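Asker: Sharing a structure with you now.
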Amino acid sequence: MRDRAAYLRALGIEDWRLRGGDAAVPAAEVEAPACAGPAATAGDSWEQVAAEVAGCVRCPLHQNRINTVFGVGNRQAHWLIVGEAPGVEEDKRGEPFVGRAGQLLNSMLRGIGLEREVVFIANVLKCRPPNNREPQPAEVAQCLPYLERQIALLRPRIMLAVGRIAAQNLLATDTPIGKLRGHVHAFGASRTPLVVTYHPAYLLRSPGEKRKAWEDLKFARRIYREHSA
Ligand code: URA
């Protein structure tokens, strides 16, 4: 077991933890989601989705990409982490969350005892938007079905949406992220538990919000444990 204090320091919450302990979790409005994930369409497979993503030309983002970014991790993972879209580093390497935000995401996950290798990480968009601008609705409309197929194949026990774009698109809502945090949402027909937290890139710009993200992660861990018992 690695030194958890180091991960908490990376989150910038060492002092808070020493003062406040590990107990405070935001009040939750649990919507009683079920644990079973959606059934994959008969005949679909990881290989099929990966091949389609690799050759995708559904939207203009394919024109400037170096790599598609399919997602990475354990295909038997209980946890699915969903971000927004690849950035410059991710486009170069073909892997999600490998830049600075990715380092922080890794620390956040380790803070609740999860190594990157045991979860699955994917994005709403599989290609990098120019200058890291926000995904456009037409791009999301073309790309989200890939993520939905990944979710159906993975059948995660819990989903963690990092950032407004992931949260709003997965939940088909325009509710602000501040209001989506602290609740258990139910994703799709399977009603897979979904918890929302801030995007690590936002946390790098606004380190004062890291404590809230830490609360969200502990909340997600609690929900996972409750629904896996
Ligand atoms: N930000 C995201 O949302 N996803 C990545 O893969 C990298 C940065």
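Asker: Output the number of residues of segment 75-107 satisfying the condition of being aliphatic (A, V, I, L, M) and more than 13 Å from the ligand (Cβ to nearest atom). Show your work before the answer.
Answerer: Of the residues in segment 75-107, the ones aliphatic (A, V, I, L, M) are 77, 80-82, 85, 88, 98, 101, 104-105.
Now drop any that are not more than 13 Å from the ligand (Cβ to nearest atom), which leaves 77, 80.
The total comes to 2.
Asker: Does CYS59 satisfy being modelled with pLDDT under 95 and not small (Gly, Ala, Ser)?
Answerer: Taking the combined requirement at face value, the residue does not satisfy it.
Asker: Do you know which of the residues in segment 61-107 that are part of a loop (DSSP other than H, G, I, E, B) and in contact with a Ser or Thr (Cβ under 9 Å, 6 or more places away or on another chain) is least open to solvent (accessible area, probe 1.4 Å)?
Answerer: So, considering only residues that are part of a loop (DSSP other than H, G, I, E, B) and in contact with a Ser or Thr (Cβ under 9 Å, 6 or more places away or on another chain), the one least open to solvent (accessible area, probe 1.4 Å) is PRO86.
Asker: List, please: which pairs have Cβ atoms under 7 Å, are six or more places apart or on different chains, and start with a residue in segment 70-82 that is modelled with pLDDT of 95 or more and end with one that is buried (at least 22 other Cβ atoms within 10 Å of the Cβ) and among the basic types (Lys, Arg)?
Answerer: Qualifying pairs under 7 Å: PHE70/LYS126.
Asker: Can ARG58 be described as in contact (Cβ under 8 Å) with a residue 24 or more places away in the chain, over 22 Å from the mean Cα position of the chain (by Cα) and either more than 22 Å from PRO200 (Cβ to Cβ) or not in a loop (DSSP other than H, G, I, E, B) (or both)?
Answerer: In short, yes.
Asker: Starting from residues that are in contact with a Gly (Cβ under 7 Å, 6 or more places away or on another chain) and closer than 17 Å to ALA201 by Cα, keep the ones in segment 117-132 and report whichever is surrounded by the most Cβ atoms within 10 Å (Cβ to Cβ).
Answerer: For segment 117-132, the residue satisfying everything is ASN123.
Asker: Among the residues of segment 120-128, are any in contact with an Asp or Glu (Cβ under 7 Å, 6 or more places away or on another chain), more than 16 Å from the ligand (Cβ to nearest atom) and modelled with pLDDT of 95 or more?
Answerer: No - not one qualifying residue is present in segment 120-128.
Asker: Then there's this: Among the numbered conditions (1) in contact with a helix residue (DSSP H, G or I) (Cβ under 9 Å, 6 or more places away or on another chain); (2) at pLDDT below 95; (3) in a loop (DSSP other than H, G, I, E, B), tell me where ARG17 comes up short.
Answerer: Only one criterion in (1) in contact with a helix residue (DSSP H, G or I) (Cβ under 9 Å, 6 or more places away or on another chain); (2) at pLDDT below 95; (3) in a loop (DSSP other than H, G, I, E, B) is unmet by ARG17, namely (3).
The values are calculated or read from the model by the stated rules, or taken from the named source; none is laboratory data. Here the structure is a predicted model, which is why all the values come from computation and not from measurement. Heads up, the Cβs are rebuilt from the backbone with ideal geometry, glycines too, and the neighbour counts pull from every protein chain shown. For accessibility, only protein heavy atoms count, side chains too; no ligands or nucleic acids. Shrake-Rupley method; radii C 1.70, N 1.55, O 1.52, S 1.80 Å.
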